[in-house]
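Enquirer: What follows is a structure written as structure tokens; I'll ask about it next.
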Amino acid sequence: MKRTLEPRAASPQARLRALAALSAVGVPTGVLVAPVIPALNDHEMEAILEAAAHAGVRWAGYVLLRLPYEIKDLFTEWLAEHYPERAAHVMSLICAMRGGREYDARFGHRMRGNGPYALLLGNRFRIACRRLNLNAAARDPLNTALFRPPAPPGSQLRLEL
């Protein structure tokens, strides 16, 4: 599915190797499982979280597929072309999680959805994170010690050696 949905993106294995390399040298890492497409890729959620946890990530999140504006038409066309036997079911589940519409832009609803299937996805995500000890600790505080405000436009930068 990765080849049809994200043909130019790095492979999942390459992404996991990058996470493992960063985690190994102490960089706090996390993973965002997105977009979660019901009846198409939601069955992979736990496996993705498990692979990410083994790569050393500390936190995780997920986002339900969002279909604002022209994205809806692009997605439904892509879905009909690549998964015609599942298209109606996928769109039915999306609408069920969006109050009968393809998209719900309201804050707090657009990323997770509502209804029984959205609740099921959320519960699966929380259970997997608890089992894998993801999101267990507070995120590391942001270190701002090395931050310097940028110079105003047109001003001379200092030469420091």
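Enquirer: From the phi of every residue in the stretch 43-50, what ³J(HN,Hα) in whole Hz does the Karplus formula 6.51 cos²θ - 1.76 cosθ + 1.60 yield, where θ is phi - 60° and glycine or proline is x?
Expert: Residue by residue, the stretch 43-50 yields 5, 8, 3, 5, 5, 5, 4, 5 Hz.
Enquirer: On to the next question. Can you tell me how much longer the chain between Ala137 and Arg112 gets when fully stretched, taken as 0.36 nm per residue apart minus their C-alpha distance, in nm with one decimal?
Expert: Full extension from Ala137 to Arg112 adds 6.8 nm.
Enquirer: What is the extension gain from Arg3 to Arg17, computed as 0.36 nm multiplied by their sequence separation minus the C-alpha to C-alpha distance, in nm to one decimal?
Expert: Separation in residues times 0.36 nm, less the Cα-Cα distance, equals 3.2 nm.
Enquirer: Which ³J(HN,Hα) values in Hz, rounded to whole numbers, follow from the phi angles of the stretch 65-78 under the Karplus curve 6.51 cos²θ - 1.76 cosθ + 1.60, where θ = phi - 60° and Gly and Pro get x?
Expert: Values per residue, Gly and Pro as x: 3, 10, 10, x, 6, 6, 4, 4, 5, 4, 5, 5, 5, 4 Hz.
Enquirer: Let me ask something else about it. Starting from 0.36 nm per residue, how many nanometres of slack lie between Glu70 and Ile127 once their C-alpha separation is accounted for?
Expert: Net length gain for the segment: 17.1 nm.
Enquirer: Can you tell me which of Ala53, Ala39, Ala137 moves the most in a GNM of the chain? Springs connect C-alpha atoms under 10 Å apart.
Expert: Of Ala53, Ala39, Ala137, the most mobile in the Gaussian network model is Ala137.
Enquirer: Same structure again: Please compute the modelled spin-label separation between Ala39 and Ala10, points set 7 Å along Cα→Cβ, answer in nm with one decimal.
Expert: Using points 7 Å along Cα→Cβ, the separation is 3.4 nm.
Enquirer: Continuing with this model, one more query. For Val36, list long-range residues whose amide hydrogen, built 1.01 Å from N in the peptide plane, is under 5 Å from its own amide hydrogen.
Expert: Counting only residues 5 or more places away or on other chains, the set is Val63, Leu64, Leu65.
Enquirer: If the elastic network links every pair of Cα atoms under 10 Å, which of Tyr69, Tyr83, Tyr117 fluctuates the most in the Gaussian network model of the chain?
Expert: Maximum fluctuation in the GNM of the chain, among the listed residues, is at Tyr69.
Enquirer: Report the one residue of Leu49, His82, Gly99 whose Cα lies farthest in the direction of the positive end of the charge dipole of the chain (charges on C-beta: Lys and Arg +1, Asp and Glu -1; origin at the Cα centre).
Expert: Checking the options against the dipole of the chain, the answer is Leu49.
Enquirer: With θ set to phi - 60° and the Karplus curve 6.51 cos²θ - 1.76 cosθ + 1.60, what are the ³J(HN,Hα) couplings of the stretch 132-148 in order, to the nearest whole Hz, using x for Gly and Pro?
Expert: Karplus values, whole Hz, x for Gly and Pro: 9, 6, 8, 6, 7, 10, 5, 5, 4, x, 6, 8, 9, 4, 9, 6, 10.
Readers should treat all values here as calculations from the given coordinates under stated rules, not as data from a laboratory. Here the structure is a predicted model, which is why all the values come from computation and not from measurement. A quick note on method: Cβ atoms are made from the backbone with ideal geometry, for glycine too, and the neighbour counts reach across all protein chains shown.
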